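Chemist: Below you will find the structure I want to go over with you.
The values are calculated or read from the model by the stated rules, or taken from the named source; none is laboratory data. Model, not experiment: these values are computed from the prediction. Quick reminder, even Gly has a Cβ in these numbers, built from the backbone with ideal geometry, and neighbours come from all protein chains shown.
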Amino acid sequence: MSEFDFRQLIGVEPRSGRVPLEAWGEIEAWAGRKLPVDFKGFVELYGGGLIRGHLFVPHPCDEESLLEFMKSGRRAFEKIFRYFSDDLGGEDFDPGSVVPWAYSNWDGDQCFFVPAEGSSWRILLVFRQLVSVQFYDAGFSELVAGVIAGTAVPPGWPNMEPAWRPIDTAP
């Protein structure tokens with residue numbers, strides 16, 4: 001299994017359809033750096049959809065584009081960031097640098113990439129109903145594989161079937 005080929009876990013063959021380089025270029029220009037390779041690979045292989053029936057991962061070419069989703073999510077995070085300063089402890093980052101990549105339609109939780117040293121990223125999970133945040137220091141692939149397999153499900157997240165449901169809203 002490649003680092004972003006989850007077909008053994010989700011039982012779904014990848015759909016074909018590369019994301020145009022311009023779309024990634026526009027997103028990464030807005031983000032200010034390249035996104036994680038495993039995230040981009042997953043999105044390109046599987047498109048937009050729901051992980052475990054609730055965690056929505058948009059696609060750059062969907063009707064609600066990934067870039068618009070990211071812009072909206074960042075604006076929302078900037079508004080609530082101050083409420084989580086105690087939970088973040090000594091973590092120091094610019095709330096205007098986070099990059100949303102998924103949200104839970106179950107309870108409104110959100111997943112963000114947060115720039116780390118060099119070109120790496122950390123994952124920040126914002127638990128809306130628990131009113132807390134948590135850094136997840138493994139990468140995108142590890143988090144998604146754990147959620148899909150049911151071995152590393154964050155607090156409050158359901159583990160519904162199917163493991164992956166594509167949502168084809170591309171124009």
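Chemist: Pick out the one residue from Glu91, Glu117 that is exposed (fewer than 12 other Cβ atoms within 10 Å of the Cβ), modelled with pLDDT under 90 and charged (D, E, K, R).
Modeler: Selected residue: Glu117, the only one of Glu91, Glu117 that is exposed (fewer than 12 other Cβ atoms within 10 Å of the Cβ), modelled with pLDDT under 90 and charged (D, E, K, R).
Chemist: Check whether at least one residue in the range 12-24 is within 15 Å of Arg165 (Cα to Cα), free of Cβ contacts under 8 Å to residues at least 12 places away in the same chain and either in contact with a Leu (Cβ under 7 Å, 6 or more places away or on another chain) or not β-branched (Val, Ile, Thr) (or both), and report yes or no.
Modeler: Yes: one or more hits.
Chemist: Failed condition for Ser132, given (1) in contact with an Asp or Glu (Cβ under 9 Å, 6 or more places away or on another chain); (2) of a type in the set (S, T, N, Q); (3) surrounded by fewer than 14 Cβ atoms within 10 Å (Cβ to Cβ), with all others met?
Modeler: It is condition (3) that Ser132 fails.
Chemist: If I filter the range 11-21 for residues that are surrounded by fewer than 16 Cβ atoms within 10 Å (Cβ to Cβ), within 15 Å of Ala145 (Cα to Cα) and not acidic (Asp, Glu), do I get at least one hit?
Modeler: Checked the range 11-21: at least one residue is surrounded by fewer than 16 Cβ atoms within 10 Å (Cβ to Cβ), within 15 Å of Ala145 (Cα to Cα) and not acidic (Asp, Glu).
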